[in-house]
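Written out below as structure tokens is the structure these notes cover.
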Amino acid sequence: MSTASLDPCACKRGFFTLRDCERAATRTCDVCRRRICDEHRAPRVQATVCVECSARQAEDDAVEPLVRTDGRPGVGPVNAGEGPQVVAPEDATASTARYRRRYYDRHGYEPMWWGTHDSTWSGDGFRWYDDGTDDDGGGFGDS
Amino acid sequence: MSGLKEHRASLDAAQRAVLDAKVVGGERPALEWLGLLGPVLAHDVRIGEALERVRRRTYAASSTFVGGWIVAIVSGVAGVAPLGVAAGVVVVLALLTIVALRVERRRLRTQDLEGEPLRLTAALLPILAEDAAPGTPVALDLDLTGHRTDAKKLGKSDTYRKGAYHAIVDTFYDDPFLRARVRFADGAQVSIAGRVQSRVSRKTKRSQSNKIKTKIKTKTRTTYEVDVRFPDRNYAAVPTTSGGPSPSGTDRERVRTAPGRTAVRERRVIKAVGPRVALDAAHVVDLVAHAYDRVDPTRRKKLR
């Protein structure tokens, strides 16, 4: 359950769409210097790193080539073992953040952006409605 | 095997109920489902490992049984009585071991779940948890009884001939193993379905040496289907889309607009030869992603 906070977590929730976390931040990521909540802290012993930075690092370190079964770029059938893996509930956020990063990079998927601006994501492709005005601040539930 | 009993005892009542009933149904938050099903999957993996151990031990006991018989016969012919008696004891012990292992195998098989649907669902739940509207449950119906049980048998074909085979009988099975529904934070209603259809062909022919030979061939068709209903207040269909095949060329999709919503249905079929069915949650992720590719946002909002 998201709660509004004066010091909200800067990480994004979601896989197919991205939205603000808005949980209260409790620490600062050593890599991106953004404020993050406990749930979006990657499980590391000696450093405080957010799950998004951890996912980027993991994907940068990954060296295995992408070989698609249909030989096409973009979305399509995937290799066995490339899909999401079974994890414990406490590891779900970090694991999904890593799979999300890998999926966006390798499948060319551009998620819907329903959050506030975040320069950390500026190099990534995503979709949003741009009519030249600022956020109206309303929620999805508004009509 | 005692480790298996201890592990089962460590599960809670709801998890043991899943193991016994082999079906899952109800509504819970996604991560609560994961907390329920994760240990069940771990237990099923242990049962699979135990079955493999039983298989290996049965093979070893059978080899010992045959070897003991040969030694007993040879020593009987050669007149070496002590060796013959010893071999006889080995044969009896091997036979008892085989019987015990078959009983154990039968017991384990009654507990064994169809693990692939469970694995697919457990892998999908963290992703659904990310996008689910806060406090919204995932409605889940999961059938873990197996793809080719008697209950899922649709029927048999008449006997027909083809090529060298003079008698072929096809048996058809249909297993709708998964149905899940969840409302996403953006208002999209997402339905996910998985189905395995099988054709088991029993083929009989007469070989060149005039022997009757029978073989069984299994073909499976796994269908993943995703239905996403996007609310008009947030999304509109991409104007150029008029249905038809999706970018991968292997899937089918249908886009329909109605007052208040845009409905996108995506379907992927995976065909395979062989009795084993391998399911992959990545197909479902792809299909939901395809559905989102068929709409554009209609306003700029921030989720609370």
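Accessible area of B:Ile270, 1.4 Å probe, to the nearest 10 Å²?
Here the accessible area works out near 60 Å².
With n ≥ 4 as the cut-off for DSSP H runs, can you work out [θ] at 222 nm for chain B, using -39500 (n - 2.57) per run divided by the number of residues, rounded to the nearest 500? Write out the running numbers ahead of the final one.
Details: 6 runs with 128 residues, N = 304.
After summing the helix terms and dividing by the residues of chain B, the value is -14500 deg cm²/dmol.
Just read off the accessible area of B:Glu114 with the full protein assembly in place, 1.4 Å probe, to the nearest 10 Å².
Spelled out: B:Glu114, probe radius 1.4 Å, area about 50 Å².
Using a ≥ b ≥ c from the Cα gyration tensor of chain B (square roots of the eigenvalues), is it rounded, prolate or oblate, where a/c under 1.5 gives rounded and otherwise the larger of a/b and b/c decides, a/b for prolate? The partial results should precede the final answer.
Working: a/c = 3.92, a/b = 1.86, b/c = 2.10.
Because a/c hits 1.5 or more and a/b fails to exceed b/c, chain B counts as oblate.
Post the alpha-carbon centroid distance, segment B:261-283 to segment B:77-124, in whole angstrom.
36 Å
Solvent-accessible area of B:Lys153, probe 1.4 Å, all protein chains present, reported in Å² to the nearest ten, please.
80 Å²
May I ask you to derive the FRET efficiency for B:Ile73 and B:Asp158 from their Cβ-Cβ distance with R0 = 60 Å, giving the value to the nearest 0.05? Write down the numbers at each step before the final one.
Working: r = 48 Å, r/R0 = 0.80.
So, using R0 = 60 Å, E works out to roughly 0.80.
Show me you know the interface measure: the accessible area buried between B and A, both chains summed, probe 1.4 Å, in Å² to the nearest 100.
Details: alone 17510 and 9290 Å², together 22420 Å².
Looking at B and A, the buried total is near 4400 Å².
Straight-line reach from B:Lys5: which lysines have a Cα under 22 Å away, not including same-chain ones fewer than 8 places off?
Candidates past the 8-residue exclusion: B:Lys22.
Heavy-atom accessible area per residue, segment B:114-205, 1.4 Å probe: how many Å²?
40 Å²
Carbon and sulfur: what percent of the protein assembly as shown's accessible surface (1.4 Å probe)? Show your work: numbers first, answer last.
Details: 11660 of 22420 Å².
For the protein assembly as shown, the apolar C and S fraction of the accessible surface comes to 52 percent.
For segment B:1-113, what does the accessible surface come to per residue with a 1.4 Å probe? Please give it in Å².
On the way: 6620 Å² over 113 residues.
For segment B:1-113, the per-residue accessible area is 59 Å².
What distance in nm lies between label points placed 7 Å from Cα along the C-beta direction at A:Arg33 and A:Thr116?
Simple spin-label model gives 1.8 nm for this pair.
The values are calculated or read from the model by the stated rules, or taken from the named source; none is laboratory data. Everything quoted here is computed from the prediction, not taken from an experiment. Here Cβ is always computed from backbone atoms with ideal geometry, including for glycine, and neighbour counts include all displayed protein chains. Just so you know, the surface numbers come from the protein's heavy atoms only, side chains and all, with ligands and any DNA or RNA stripped out. Shrake-Rupley method; radii C 1.70, N 1.55, O 1.52, S 1.80 Å.
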